[in-house]
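Engineer: Provided herewith is a single structure, encoded as structure tokens, for subsequent inquiry.
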Amino acid sequence: MAFDYDKYLRPGKLPHIWCPGCGHGIVMKGLIRAMDTLNLKKEETAVVSGIGCASRLPGYIDCCTLHTAHGRAAAFATGVKMAKPEMNVILVGGDGDGTAIGGNHFIHACRRNINMTYIIMNNYIYGMTGGQFSPCTPTGAKASTTPYGNPDPGFDIAKLAIGAGATFVARGTAFHANQIDKLIAEAIQHKGFSVVEILDDCPTTYGRRNKYKSVIEMMNRLKEVAVPVKAAEKMTAEQLQGKVLTGVLYKDETKPEYTAEYAKVIERATAAK
Amino acid sequence: MEKKLPKIEIIEKYCKGCHICVEFCPKDVLEMKGFYASVKNLEACIKCMQCELRCPDFAIKVITE
Ligand SMILES: Cc1ncc(C[n+]2csc(CCOP(=O)(O)OP(=O)(O)O)c2C)c(N)n1
Ligand code: SF4
Ligand code: SF4
Ligand code: SF4
Ligand SMILES: [Mg+2]
């Protein structure tokens, strides 16, 4: 049966602002399906973002939403979670928002292992402002600020998250649409800071400059580079050259969760009075 | 037994003409007609839902029973 997205969409908001073929819409649909799978209550769920095309997402979702300052989604979301630990707090945003201006907030949310879910839509570029390079732009790629090719190596968001202390890290792609909701649902259920990176496409500011003839070529690239973690186990290093692992990459259920630890601090402080 | 065909609804006021549903339908059911996606060969549809899942714009629905 056709899926009823209206349940979690604010009425009258479509068509959304994203360009034709922009993967952000595919990710938003995945999030909605995950919310439906878990039957999340709107009044108990907050979707929080910073600034960017990806960060426009909360404007469409019918639940508690916050559209904050560039790179600051994690800081605002942490405030929400600390005030109301019983809420499901979901952060959404782009690679620029999350790993450039918001990089510090990102790593510290990981380090604290606070029970929130961060969906990061990595289209390798600052889409909203016209295609400046981000910390995720691959080496050699063209951006408005790297017209002769990007000399920087790009971040591996998943490795960054694991290194910084996140306890659930997954990766999917906008092409593999039917996997997105499953990864997000598992991330939301995980008790700790969970990161879901979705490899995305920005045909308008990245595709055009980097010789992708169409959004279809960008989708085909996502299809080709993605290798599920299970399949990768049987592949040689050579076969994995240029590939990107998808699925649940890391999960640790033993590390203390921040709001639970903070509740103990409150208890100790109250007893000491 | 006659197979039951789905109903494929394309909401033109949402469709942005990106071609994704058309290109990745495994059975070549869809085509672009002018700016919008359109159904070309409903009989071939296997109800895999890939078009509905991948449409970034909430513009295509595969209604089955
Ligand atoms: C403090 C501040 N600095 C810069 C900007 C300009 N700005 C808006 S969005 C953006 C980058 C967004 O890139 P990303 O997060 O990757 O999202 P995308 O548009 O690619 O989805 C920038 C630099 C801003 N709004 N605020
Ligand atoms: S500029 Fe890029 S990221 Fe922004 S809506 Fe268009 S395709 Fe999507
Ligand atoms: S449901 Fe599958 S077979 Fe049918 S039109 Fe959509 S993609 Fe094609
Ligand atoms: S995927 Fe959606 S927006 Fe793109 S052509 Fe098909 S119906 Fe239109
Ligand atoms: Mg981006």
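The values are calculated or read from the model by the stated rules, or taken from the named source; none is laboratory data. Since the model is a prediction, treat every value here as computed from it, not as a measurement. Because the Cβ atoms are built from the backbone with ideal geometry, glycine has one as well, and the counts that use them run over all protein chains shown. The accessibility values were calculated without ligands, DNA or RNA, using every heavy atom of the protein model including side chains. Shrake-Rupley method; radii C 1.70, N 1.55, O 1.52, S 1.80 Å.
Engineer: Which residues' amide hydrogens lie under 5 Å from the amide hydrogen of residue A:250, considering only partners 5 or more residues apart or on another chain, with H built in the peptide plane?
Structural biologist: Those lying under 5 Å, H to H, from residue A:250 are A:169.
Engineer: Order A:188, A:119, most accessible first, counting only protein heavy atoms with a 1.4 angstrom probe. If you can, show how the numbers build up before the last one.
Structural biologist: Working: A:188 25, A:119 0 Å².
From most accessible down to least: A:188, A:119.
Engineer: Let me ask another. Any idea what the alpha-carbon Rg over 2.2 N^0.38 Å comes to for the range B:7-63?
Structural biologist: Numbers: Rg = 9.7 Å, N = 57, 2.2 N^0.38 = 10.2 Å.
Scaled against compact globular proteins, the figure is 0.95.
Engineer: Quantify how strongly other chains surround peptide B:57-64 by giving the mean number of their Cβ atoms within 10 Å of each of its Cβ atoms.
Structural biologist: 5
Engineer: How do B:46, A:157 stack up against each other in accessible area, from largest to smallest, with a 1.4 angstrom probe?
Structural biologist: The most accessible residue leads, giving B:46, A:157.
Engineer: Turning to a different aspect of this structure: Averaged over peptide A:25-34, how many Cβ atoms belonging to another chain are found within 10 Å of each residue's Cβ?
Structural biologist: 3
Engineer: List the lysines whose Cα lies under 18 Å from the Cα of residue A:211, skipping any in the same chain that are fewer than 8 positions away.
Structural biologist: Candidates past the 8-residue exclusion: A:142, A:223.
Engineer: How tilted is helix A:73-83 with respect to the longest principal axis of chain A? Cα atoms for both, answer in degrees (0 to 90, nearest 10).
Structural biologist: On a 0 to 90 degree scale, this one is about 20.
Engineer: Averaged over A:210-222, how many beta carbons belonging to a partner chain fall within 10 Å of each residue's beta carbon?
Structural biologist: For peptide A:210-222, the averaged partner shielding equals 2.
Engineer: A further question follows. In whole percent, how big is the carbon plus sulfur part of the accessible area of the protein assembly as shown, probe 1.4 Å, protein atoms only?
Structural biologist: Ligands and nucleic acids excluded, carbon and sulfur reach 55 percent.
Engineer: Sticking with this structure for a sec: Which lysines have a Cα less than 21 Å from the Cα of residue B:40, not counting those fewer than 8 places away in the same chain?
Structural biologist: Answer for residue B:40, where 21 Å is the Cα cut-off: B:3, B:4, B:7, B:13, B:16, B:27, B:61, listed by chain and number.
Engineer: Stokes-Einstein diffusion coefficient for the range A:1-88 at 25 °C in a medium of 0.890 mPa s, Rh from the Kirkwood formula over Cα pairs: what value in µm²/s?
Structural biologist: 179 µm²/s
Engineer: Shifting gears a bit: Can you work out the Karplus-derived ³J(HN,Hα) for every residue in the range A:122-138? Use 6.51 cos²θ - 1.76 cosθ + 1.60 with θ = phi - 60°, whole Hz, and x for glycine or proline.
Structural biologist: 3J(HN,Hα) across the range A:122-138, in whole Hz: 9, 9, 6, 6, 7, x, 4, 9, x, x, 6, 6, 10, x, 9, 5, x.
Engineer: Can you list the HN-Hα couplings for the range A:176-190, worked out from phi with the Karplus curve (6.51, -1.76, 1.60; θ = phi - 60°), rounded to whole Hz and with x for Gly and Pro?
Structural biologist: 7, 4, 6, 8, 4, 5, 5, 5, 5, 4, 5, 5, 5, 6, 5
Engineer: Also, I was wondering about something else. In square angstrom, what is the accessible area per residue of chain A with a 1.4 angstrom probe? Kindly include the intermediate steps, with their values, before the conclusion.
Structural biologist: Details: 12070 Å² over 273 residues.
Heavy-atom SASA per residue in chain A reads 44 Å².
Engineer: Ok, one more. Give the accessible area for residue B:9 in Å² (nearest 10); use a 1.4 Å probe, count only protein heavy atoms, and leave out ligands, DNA and RNA.
Structural biologist: Around 70 Å² of this residue is reachable by solvent.
Engineer: While we're looking at this one, here's another question. Please report the buried accessible area for the interface of B with A, total over both chains, probe 1.4 Å, in Å² to the nearest 100. Can you show the working numbers first?
Structural biologist: Working: alone 4700 and 13070 Å², together 15700 Å².
Adding both sides of the contact gives about 2100 Å².
Engineer: Can you return the lysines within cross-link range of residue A:191? Criterion is Cα-Cα under 29 Å, with same-chain partners fewer than 8 residues away left out.
Structural biologist: A:7, A:29, A:41, A:42, A:81, A:84, A:159, A:182, A:230, A:251, A:255, A:264
Engineer: Of the peptides A:56-67, A:86-97, how do they stack up when ordered by the mean number of other Cβ atoms within 10 Å, highest first?
Structural biologist: The packing order, highest mean first, is A:86-97, A:56-67.
Engineer: If B:40, A:42, B:13, B:7 are ordered by their accessible area, calculated over protein heavy atoms with a 1.4 Å probe, which sequence runs from highest to lowest?
Structural biologist: Working: B:40 100, A:42 65, B:13 150, B:7 120 Å².
Result, largest first: B:13, B:7, B:40, A:42.
Engineer: Once label points are set 7 Å from the Cα along Cα→Cβ at both residue A:43 and residue A:208, what is their separation, rounded to one decimal in nm?
Structural biologist: Reported label-point gap for residue A:43 and residue A:208 is 4.6 nm.
Engineer: Which whole-Hz ³J(HN,Hα) couplings does the range A:45-61 yield from phi under the Karplus relation 6.51 cos²θ - 1.76 cosθ + 1.60, θ = phi - 60°, glycine and proline marked x?
Structural biologist: 10, 10, 10, 10, 9, x, 10, x, 4, 4, 6, 6, 3, x, x, 9, 8
Engineer: Over the heavy atoms of residue A:49, what accessible area does a 1.4 Å probe trace out, to the nearest 10 Å²?
Structural biologist: We get 0 Å² for residue A:49.
Engineer: Oh, and also: Quick one: which residues, 5+ away or cross-chain, put their amide H under 5 Å from the amide H of residue A:93? H built at 1.01 Å from N.
Structural biologist: A:119, A:121
Engineer: Stokes-Einstein D for chain A at 20 °C, 1.002 mPa s, Kirkwood Rh over Cα pairs, in µm²/s?
Structural biologist: 113 µm²/s
Engineer: Can you list the residues, at least 5 places off or on another chain, whose amide H is less than 5 Å from the amide H of residue A:226, using H built in the peptide plane?
Structural biologist: Correct list: A:244.
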